[in-house]
1. Among the helices (runs of 4 or more DSSP H) contained in the stretch 423-462, which hold 3 or more residues that are farther than 17 Å from Tyr407 by Cβ and in contact (Cβ under 8 Å) with a residue 60 or more places away in the chain?
2. Being more than 21 Å from Tyr108 (Cβ to Cβ), of a type in the set (D, E, K, R) and open to solvent by 10 Å² or more (accessible area, probe 1.4 Å): is that true of Lys175 here?
3. Condition first: aliphatic (A, V, I, L, M) and open to solvent by 40 Å² or more (accessible area, probe 1.4 Å). Can you find one or more residues in the stretch 320-332 that meet it?
4. Among the residues in the stretch 306-325, are any out of contact with any Gly (no Cβ under 8 Å at 6 or more places or on another chain), in a loop (DSSP other than H, G, I, E, B), without any contact (Cβ under 8 Å) to a residue 60 or more places away in the chain and not acidic (Asp, Glu)?
5. Can you tell me which residue is modelled with the lowest pLDDT among those in the stretch 436-460 that are of a type in the set (D, E, K, R) and surrounded by fewer than 17 Cβ atoms within 10 Å (Cβ to Cβ)?
6. So Tyr94 fits all but one of (1) open to solvent by less than 80 Å² (accessible area, probe 1.4 Å); (2) of a type in the set (Phe, Trp, Tyr); (3) farther than 30 Å from Leu279 by Cα; what number is the exception?
7. When you go through Tyr357, Tyr343, Tyr363 one by one, which is the residue that is modelled with pLDDT of 95 or more and among the hydroxyl-bearing types (Ser, Thr, Tyr)?
8. Test Ser280 against the criterion of being within 26 Å of Asn6 (Cβ to Cβ), open to solvent by less than 10 Å² (accessible area, probe 1.4 Å) and among the hydroxyl-bearing types (Ser, Thr, Tyr), and give yes or no.
Amino acid sequence: MSKMLNEKQRIAQNHDQGPMMVLAGPGSGKTTVILCRLRRLLSENTDKNKGILVVTFTRAAAMEMKERFGDRGRGKVLFTTFHSLFFRILRYAYGYTSEKIIGEEEKYKILLNIVAEKGWSLNDPEEFVSQFIMQASFMRNELITPMEFTPVDMDGDLFRQMYRAYDAFKERHGKLDFDDMLVLCYELFMEDSKVLAFWQGKFSYIMVDEFQDINRVQYECLRLLAAPGNNLFVVGDDDQSIYGFRGSRPDFLLEFERQYPNCENTILDVNYRSSQRILSLASKLIGVNEQRFSKNLKGVNGKGEKVSFFLAEDTTAEAERIAEKISDLLEDGIALNEIAVIYRTNLQGGAFARSLYRRGIPYILRENGGNIYDHWIAKDLLAYLTLGESEDADSALRRIINKPKRYISKEILHEAERMPYTLLRSFFVCPSLKRWQEENLERLRQDLMQIGKRNPYDGIKYIRRIVGYDEYLEEYASFRKSSGKAFLEIADEITEIAKNTGDVQELRRNLEEMSQQMQEQFRENGAIKKGVTLSTMHGAKGLEFYAVFLPSLTEGVVPHERALEGLEEERRLFYVALTRTKEKLCLSAIRNRYGKEMKPSRFLKEMDLNVESLYIKKT
């Protein structure tokens, strides 16, 4: 295998003592280089008391590398993830067993139980817990205390209450989670020099893959572990650092030479995956970033097909056209697993899932990003539509009675429930009902009559704009210190689904059908072997496909409106998406999104794709 290496790959393979940084562009054969160097070191390593440590970020990546390497390193090479390595160290120091570890699913249930025990009034406890997990993990990985930390899109006091309650649970039950492993290991190394010396003496060499994904606590532990010899060989690509929300950032690569002034370095700049046309676009795009190492990727697969672009009227039309193009590719003999639709946010996946489902094309959802068809916002809007058909739908009325606020207290609700009438009628005969509350209920009744006269699409628009449901979402988000735009986007997606439905029953069937389809996908993803891949840009990292579709390249989506302060990371994220493609790349944008006029993504212009004229004159 080493005979087939190019010049820069050989430089990396032949590195011996001391630190080295290998900048590995997408598709540049970095795993091959790691394994070739490992074979060479193993054949030359004369210290039988020391092994070689190879660290990567996922168990799947570690297992794949181990399988590719074979049995020759048995007992001498440890292929592992950071979490597995740090747990091994903690087990040695404290005698921890795997029973002490809280898995991610168990952690989620524990936190949901805490919310229930506290009696916090939350519209969506699941969403709150998911957000808490992400924020708490970021805080721990950055080695920040709860009092120093300011969570994003979440009330600080509520975050700290939740953190204290979860910490108390772990202490009572003698448990720790994956974030604890990292922090405890760092604290152990800092406090116990003997333990640190023991582990420093275990390995002659340390090799780290995907180094751009490292966070603060992982970096500090690794730095301590590699001392004093600093035989630290790191492979990564600052241009593919896309997990800032986890605390990962390219700074650790960019500052590596300052941390280790005597380090060697090389750039793997030959791409074995993509055509030159795709590499040219990707290089123009990423070249706009300022905080990066300069690279010039060269391809070996020829010029390749022209990159295509189309402009669709809206998200539904875009999804239908992409599904049609995928159908054409399948007829041409392209395998399902060689086709992917890669989008910016989880929410976008629904439109493509619906379009492929209608055509009978199998698909694989890479991430379980939450089932919006079963979201509380969808249930609220459906409740209003149901009441528009019949005021007698008591459960629907309970759901939306104070969305927006009508100041109907629990006491009045309980009073009305004791009446022998339907709930809405009962409110009007409650002795304790005030005149102004009666006026609010009368306004609701008038609104329900108007909703009942409309189809679901127009009915939802009425609920959101006239009844004031959008205002309620923004007020609720402000109260919870979360993102109002995120809630409105979910409402927009439900509105879009309602566009082509004739009545409430059809909309309900569509939502239930897609909800069931999504749940089946999440359950079966491990078993499904063939299907068009539907993935976010984050989820697509490390994958490659013959044909890739990158949709909705409009301002506010790509780059995302909530990430404009981190524009360089947004550009890196799009760069990752572009470079998943081997041969056929189709870019698309939309003229309108959820009824709002859109502008083409600035990234298109940065790649010298000037498509503004298409927005002026319809195609």
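1. Working: elements: 423-428, 435-452, 456-462.
Answer list for the stretch 423-462: 435-452, 456-462.
2. Working: more than 21 Å from Tyr108 (Cβ to Cβ): no; of a type in the set (D, E, K, R): yes; open to solvent by 10 Å² or more (accessible area, probe 1.4 Å): yes.
Considered against the rule, which asks whether it is more than 21 Å from Tyr108 (Cβ to Cβ), of a type in the set (D, E, K, R) and open to solvent by 10 Å² or more (accessible area, probe 1.4 Å), Lys175 comes out as no.
3. Step one: list which residues in the stretch 320-332 are aliphatic (A, V, I, L, M), which gives 322-323, 326, 329-330.
Narrowing further to those that are open to solvent by 40 Å² or more (accessible area, probe 1.4 Å): 330.
Taking every residue of the stretch 320-332 in turn, at least one turns out to be aliphatic (A, V, I, L, M) and open to solvent by 40 Å² or more (accessible area, probe 1.4 Å).
4. Within the stretch 306-325, the subset out of contact with any Gly (no Cβ under 8 Å at 6 or more places or on another chain) is 306-325.
Adding the requirement that they be in a loop (DSSP other than H, G, I, E, B) leaves 306-307, 313-314.
Restricting the remaining residues to those that are without any contact (Cβ under 8 Å) to a residue 60 or more places away in the chain gives 306.
Right, trim to not acidic (Asp, Glu) and you get 306.
Yes, the stretch 306-325 contains at least one residue that is out of contact with any Gly (no Cβ under 8 Å at 6 or more places or on another chain), in a loop (DSSP other than H, G, I, E, B), without any contact (Cβ under 8 Å) to a residue 60 or more places away in the chain and not acidic (Asp, Glu).
5. Glu438
6. Going through the list (1) open to solvent by less than 80 Å² (accessible area, probe 1.4 Å); (2) of a type in the set (Phe, Trp, Tyr); (3) farther than 30 Å from Leu279 by Cα, Tyr94 breaks only (1).
7. Tyr343
8. Details: within 26 Å of Asn6 (Cβ to Cβ): yes; open to solvent by less than 10 Å² (accessible area, probe 1.4 Å): no; among the hydroxyl-bearing types (Ser, Thr, Tyr): yes.
The answer is no for Ser280.
The values are calculated or read from the model by the stated rules, or taken from the named source; none is laboratory data. This structure is a prediction, so every number in the text was calculated from the model and none was measured. Here Cβ is always computed from backbone atoms with ideal geometry, including for glycine, and neighbour counts include all displayed protein chains. Surface areas here come from the heavy atoms of the whole protein model, side chains and all, with no ligands, DNA or RNA. Shrake-Rupley method; radii C 1.70, N 1.55, O 1.52, S 1.80 Å.
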